[in-house]
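Here's the structure, in structure tokens; my notes come after.
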Amino acid sequence: MPTLLLYSILLHFLHSLSATSPSPIPSTIQLPRPLSTTGAVSVTDFGATGDGAHYDTHAIQSAIDACSPSSPSSSTGATCYVTFPPGKYLTATVHLRSNVVLDIQPGAVVLGGPRIEDYPKESSRWYVVLAENATDVGITGGGTVDGNGHLFVERFNSVKNVMVSWNATGDCLGDECRPRLVGFIGCTNVRVWNVTFTQPAYWCFHLVRCDNTLIHDIAIYGDFNTPNNDGIDIEDSNNTVITRCHIDTGDDAICPKTSNGPLYNLTATDCWIRTKSSAIKFGSASWFDFKGLVFDNITIVDSHRGLGFQMRDGGNVSDVVFSNMNISTRYYHPSWWGRAEPIYVTTCPRDSTSKKGYISNLLFVNITAHSENGVFLSGCKGGMLSNLRFVNVNFTYRRWTNFDGGLIDYRPGCQGLVKHGAAGMIMEHIQGLEVENVSMRWASGGAKEEWDNPLEFRPSSVNNVSFLNFHSGVYAQ
Ligand SMILES: *[C@@H]1O[C@H](CO)[C@@H](O)[C@H](O)[C@H]1NC(C)=O
Ligand SMILES: *[C@@H]1O[C@H](CO)[C@@H](O)[C@H](O)[C@H]1NC(C)=O
Ligand SMILES: *[C@@H]1O[C@H](CO)[C@@H](O)[C@H](O)[C@H]1NC(C)=O
Ligand SMILES: *[C@@H]1O[C@H](CO)[C@@H](O)[C@H](O)[C@H]1NC(C)=O
Ligand SMILES: *[C@@H]1O[C@H](CO)[C@@H](O)[C@H](O)[C@H]1NC(C)=O
Ligand SMILES: *[C@@H]1O[C@H](CO)[C@@H](O)[C@H](O)[C@H]1NC(C)=O
Ligand SMILES: *[C@@H]1O[C@H](CO)[C@@H](O)[C@H](O)[C@H]1NC(C)=O
Ligand SMILES: *[C@@H]1O[C@H](CO)[C@@H](O)[C@H](O)[C@H]1NC(C)=O
Ligand SMILES: *[C@@H]1O[C@H](CO)[C@@H](O)[C@H](O)[C@H]1NC(C)=O
Ligand SMILES: *[C@@H]1O[C@H](CO)[C@@H](O)[C@H](O)[C@H]1NC(C)=O
Ligand SMILES: *[C@@H]1O[C@H](CO)[C@@H](O)[C@H](O)[C@H]1NC(C)=O
Ligand SMILES: *[C@@H]1O[C@H](CO)[C@@H](O)[C@H](O)[C@H]1NC(C)=O
């Protein structure tokens, strides 16, 4: 498939950055040509009503099954489009098949059902749209997939909504028992573009054990007050490219995780993010390694945490670049993870049974941040941070909400929330840190005494640190 070739050239180019010194990143990612098609069917030809009241599950599934070639062959790359004309298609879980792309047209909404019987038995398969072990699959068309999330709110609350839990069957526990919106599990050559995802009841977009995924020109609108309303969770997957995304949601926006295998080569560029949790978050599921990730040209607005690592389970992280970003982070209610840190890098064992992971070779370059709290860099004994570089980074520190500061956030697990004064950069358990062309600007007046400390570290736990062209100064508001 020619698209694959283009794609691996692109990946190779982007990932060559992580190993060496910074070099310019291409201003635009070249996208592969449109997929060649073998045909198209419309869900209305299979009896879909699109009236938003009747379930169209059977019609949609019949259209997908009819569209999918009986002997899928990824070597041809041929694709059949299942078209949804304008309308509202209420549905139980639909299963996407190999060589099929859902073509949800502008004005068309695929609407997830709100009942537990609308989803498969096992909670691990609760998605409105689910592709399992498929190749050459995707979603596009300019329309919307809607999870009906508001119907899962038991009590609306501006701090945090209280959600329905489908935990009665015992298949999943606690309050994280709701369906996700879209899932690709064990898939190859996934392409999702030009589509909007709204109102997920739980996580929005979930990639599990996938290889070669391209996501571009998508928008995600979750509910800002709904917990676990993640944007894109990339789990145990290789060779993922995300570009031109707009994510406005309650929980973590772009979230690589490792649960049952490693994650290699993830690139995310040209995105806009707002979240009440972390904009980019590694973990906290972190059992295996993360390697070769690039995040470039990303704008992070009014988020609780900008770039975050919550390594807790013994997986190691290496070779990650964050470049060309504007970040603004502020405090929200502390029941949400995050303490207004623009950059937060932590590795510590979740609990007494957990292993310790290392984090090495991180580069932060060309970043401007405005935030209510400083940077937190914390390894642990036996799980150090090593070879971290900050180049051309400007921090502006100012308080503009009334939430209390003065806490270090080790959650989840580890030491939890710990009382501790703020600093521009707090460092613990680090071997090798280079800071070059970094400035910290401090708002005068209104700045509390907790701010009066640019750099905090002890040579006994932080070794081999260099500061070149570091500037710190107060400015008048
Ligand atoms: C990650 O990308 C590099 C560079 O393109 C490539 O050599 C390597 O095979 C990729 N890793 C995986 C697991 O695909
Ligand atoms: C950082 O910015 C400088 C100046 O704009 C630019 O020359 C350089 O290529 C950028 N570095 C990266 C890694 O984008
Ligand atoms: C997908 O493949 C995995 C691994 O081969 C297998 O365990 C699983 O049952 C398959 N799932 C489906 C729905 O075919
Ligand atoms: C999205 O799809 C719509 C409908 O097919 C089309 O008009 C529009 O140009 C597409 N936009 C992009 C960015 O591809
Ligand atoms: C089920 O979820 C509810 C609501 O979050 C919670 O109060 C209850 O403890 C949970 N029960 C179990 C068995 O997890
Ligand atoms: C990702 O690449 C690693 C290293 O080659 C491999 O062990 C793993 O199985 C790959 N995962 C997938 C989903 O292809
Ligand atoms: C950065 O991303 C934005 C979209 O968020 C895009 O409009 C802009 O062209 C990108 N800039 C570069 C230099 O690629
Ligand atoms: C960051 O802000 C500067 C100044 O407003 C702007 O020139 C630059 O394009 C922005 N970059 C991103 C990634 O938003
Ligand atoms: C992380 O790296 C350490 C040290 O190299 C190694 O012992 C450990 O097995 C690695 N963890 C994983 C999950 O591979
Ligand atoms: C940081 O501030 C300096 C001085 O105002 C400016 O020259 C530089 O371009 C800024 N760098 C970034 C990445 O914003
Ligand atoms: C100190 O750290 C730098 C990179 O930050 C590394 O190149 C150098 O080898 C380290 N030196 C020692 C003695 O560890
Ligand atoms: C640091 O800033 C100086 C002066 O602006 C510039 O010459 C140098 O290239 C910068 N260093 C890096 C690594 O970008």
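The values are calculated or read from the model by the stated rules, or taken from the named source; none is laboratory data. None of these values were measured; they are calculated from a predicted model. Methodologically, a virtual Cβ is constructed for each residue, glycine included, from the backbone with ideal geometry; neighbour enumeration extends over all protein chains shown.
Scanning segment 353-368 for residues that are in a loop (DSSP other than H, G, I, E, B), polar (S, T, N, Q) and surrounded by fewer than 22 Cβ atoms within 10 Å (Cβ to Cβ) turns up at least one hit.
For segment 26-39, check the following and say yes or no: at least one residue is over 31 Å from the mean Cα position of the chain (by Cα), more than 16 Å from ligand 8 (Cβ to nearest atom) and at pLDDT 55 or above.
Of segment 26-39, the ones over 31 Å from the mean Cα position of the chain (by Cα) are 38-39.
Checking the rest, the ones that are also more than 16 Å from ligand 8 (Cβ to nearest atom) come to 38-39.
Now restrict to residues that are at pLDDT 55 or above: 38-39.
Yes - at least one qualifying residue is present in segment 26-39.
Just one of the listed residues (320, 294, 301) is free of Cβ contacts under 8 Å to residues at least 60 places away in the same chain and either buried (at least 23 other Cβ atoms within 10 Å of the Cβ) or part of a strand (DSSP E or B) (or both), namely 301. For segment 408-477, the strands (runs of 3 or more DSSP E) that sit wholly inside it and include 1 or more residues that are away from ligand 8 (no atom under 16 Å from the Cβ), over 25 Å from residue 396 (Cβ atoms) and among the hydrophobic types (A, V, I, L, M, F, W, C) are 417-419.
Selection of strands (runs of 3 or more DSSP E) fully inside segment 184-236 by the criterion of at least 3 residues being surrounded by fewer than 24 Cβ atoms within 10 Å (Cβ to Cβ) returns 188-198, 211-221. Look at residue 405 and say whether it is small (Gly, Ala, Ser), in contact with a Gly (Cβ under 9 Å, 6 or more places away or on another chain) and farther than 28 Å from residue 294 by Cβ. When the stated conditions are applied, residue 405 passes them.
In the condition set (1) within 16 Å of ligand 12 (Cβ to nearest atom); (2) free of Cβ contacts under 8 Å to residues at least 60 places away in the same chain; (3) over 23 Å from the mean Cα position of the chain (by Cα), residue 391 is compliant with all but (2). If the condition is being under 16 Å from residue 412 (Cα atoms) and part of a strand (DSSP E or B), then segment 281-291 contributes 281, 282, 283, 284, 286. Selection of segment 140-195 for residues being within 30 Å of residue 40 (Cβ to Cβ) and among the hydrophobic types (A, V, I, L, M, F, W, C) yields 145, 181, 182, 184, 185, 187, 190, 192, 193, 195. Quick one: in segment 243-270, which of the residues that are surrounded by fewer than 19 Cβ atoms within 10 Å (Cβ to Cβ) and outside any strand (DSSP E or B) is farthest from ligand 6 (Cβ to nearest atom)? That would be 259.
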